[in-house]
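Quick note: the coordinates plus some simple rules give every number you see, no bench work behind them. Nothing here was measured: the structure is a model prediction, and the numbers come from that model. A quick note on method: Cβ atoms are made from the backbone with ideal geometry, for glycine too, and the neighbour counts reach across all protein chains shown.
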Amino acid sequence: MKGKQRPQDYGGQAVLEGVMMRSREAMAIAVRRTDGSVRVKHEEVTPISKKHKWMGWPFIRGSVSMVMMMSLGMKVLTTSADMAGIDDEEPSKFEKWLAQKLGTGVDKIVMGLAVVLAVALSMGLFVLLPNLPAKAMSDAGWSLLAVNLVSGLIRIIILMAYLYLTGKIPDMRRIFQYHGAEHKTIYCYENGLPLTVENAQKFSTLHPRCGTSFLLITFIFSIIFYSVIDVAVLSLTGFDLGQNYLPRILTRLLLLPVVAGISYELLKGLAHAETPLTRALRWPGMQLQRLTTRPPTDKMCEVAIEALKAVLHGLPEGERTEDGIVVLPGEPDPVQAEPQPA
């Protein structure tokens with residue numbers, strides 16, 4: 001007799017003036033415009049594991065999920081900007097010239113450049129920079145474990161500093177508030193309560209399945225994993241990765257999908273188990289979320305709830321735009337940015 005199947009997880013992402021929610025079969029984005037109206041978009045999703053079954057296998061799905069979420073993240077940010085009216089202004093002459101020369105829209109060009117810059121910045125901050133002191137420490141007689149521990153701590157400190165400074169930017173603080181609204185809404189649904197602002201606001205902004213926790217788990221696990229790899233390479237070949245910067249960097253990059261895959265399984269396991277040990281192990285990641293979430297306003301929770309409702313039940317009734325977005329009437333958020341050109 002098969003055991004009872006665990007209900008699927010719902011998750012999401014904070015976007016510009018709104019929230020994206022997703023299930024295995026659907027995705028919805030809800031944003032609030034400066035006139036107070038909430039715009040909701042819904043689309044069906046075909047999991048990549050249905051097209052390629054092996055991509056859903058344990059220890060592989062984590063690295064696949066990481067790549068897919070990076071791509072999806074940029075897409076929904078662009079979509080939310082369009083829905084919120086942030087990009088309604090007329091393109092400049094330079095933007096029109098660039099689009100004409102490259103044969104594509106300015107938004108696609110900007111999104112492509114943003115992805116390239118984001119990847120380059122991530123590699124520089126979290127791979128290249130933390131490994132710079134490795135040779136000096138190895139020359140000083142430090143063990144491979146100690147070298148990897150210091151490199152890992154540098155990586156974690158850079159991550160915390162980056163998130164802290166990002167949170168000082170006013171626009172990012174609002175996104176972090178919507179991140180908190182996403183978590184509160186998911187908690188409300190998972191606890192079987194009606195999806196109302198009052199119910200959602202009772203819950204914490206810290207959630208065990210958050211991507212912030214995934215980052216910290218990945219960083220911590222990488223210290224152990226790469227230490228084992230370095231010792232194995234030294235024992236089998238006599239080659240010291242602590243003494244050779246470029247081979248050390250290459251091993252980190254090549255094995256990153258393996259680290260991400262295992263870390264993803266650890267995140268899932270810790271999130272769905274309620275024991276003193278699992279609560280203790282996920283506590284650091286939960287605390288790191290204090291840098292990426294903020295208490296949301298009631299208006300923000302309203303938006304997150306509309307996004308989750310659309311994922312669960314489809315688009316609500318209401319006025320529809322030509323591209324199928326539903327426009328729900330509402331009151332402006334008093335702290336939202338000044339109105340953008342219509």
| remark: Cα extents of the chain along the principal axes, largest first, in whole Å, come to 69, 62, 40
| request: Rounded to the nearest 0.05, what FRET efficiency do residue 272 and residue 136 give with R0 = 41 Å and r taken as the Cβ-Cβ distance? Could you check? | output: 0.45
| note | The extension gain from residue 171 to residue 322, computed as 0.36 nm times the residue separation minus the Cα-Cα distance, is 51.5 nm
| query | Normalised by the number of residues in the chain, what is the relative contact order in percent for Cα pairs under 8 Å and 6+ residues apart? | reply | 31
| task | Work out, step by step, the length gained on full extension between residue 54 and residue 265: first 0.36 nm times the residue separation, then minus their alpha carbon distance; give nm to one decimal. | result | 74.4 nm
| task | Could I have the simple spin-label model distance between residue 283 and residue 201, label points 7 Å from Cα toward Cβ, reported in nm to one decimal? | result | 3.0
| said: With a 10 Å cut-off between alpha carbons and a GNM built on the chain, which of 323, 139, 230 moves the most? | reply: 323
| said: Test of understanding: given the chain, find the longest segment containing no trypsin sites (Lys or Arg not before Pro) that are in a DSSP loop and have at most 15 other Cβ atoms within 10 Å. | reply: 25-167
| task | Count the net charge of all other residues whose Cβ sits under 12 Å from the Cβ of residue 226, scoring Lys and Arg as +1 and Asp and Glu as -1. | result | +2
| field | Estimated FRET transfer efficiency (residue 74, residue 232; beta-carbon r; R0 30 Å; 0.05) | value | 0.25
| message | Going through the cross-link list 51/184; 135/268; 53/268; 135/168, which pairs have a Cα-Cα distance over 30 Å in this structure? | response | 51/184; 135/268; 135/168
| query | In percent, what relative contact order does segment 178-315 have, based on Cα pairs under 8 Å that are 6 or more apart in sequence? | reply | 43
| task | Provide, for q = 0.19, 0.20, 0.24, 0.27 Å⁻¹, the log10 of I(q)/I(0) from a solvent-free Debye sum over equal Cα point scatterers in segment 271-331. | result | -0.85, -0.88, -1.01, -1.11
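So what is the calculated 222 nm ellipticity per residue for the chain, using -39500 (n - 2.57) for each DSSP H run with n of 4 or more, over all residues, to the nearest 500 deg cm²/dmol?
Values: 13 runs with 192 residues, N = 342.
Result for the chain: -18500 deg cm²/dmol, rounded to the nearest 500.
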| request: Just tell me the longest site-free run in the chain, where the sites are GluC sites (Glu not before Pro) in a DSSP loop having at most 10 other beta-carbon atoms within 10 Å. | output: 90-273
| request: Only loop residues by DSSP count here, and only those with at most 13 other Cβ atoms within 10 Å; note down the chymotrypsin sites (Phe, Trp or Tyr not before Pro) in segment 211-250 that meet that. | output: 239
| query | What full-extension length gain, to one decimal in nm, is calculated for residue 43 and residue 312 as 0.36 nm per residue of separation minus the Cα-Cα distance? | reply | 95.7 nm
| field | Local net charge near residue 36, Cβ-Cβ under 10 Å (Lys/Arg +1, Asp/Glu -1) | value | 0
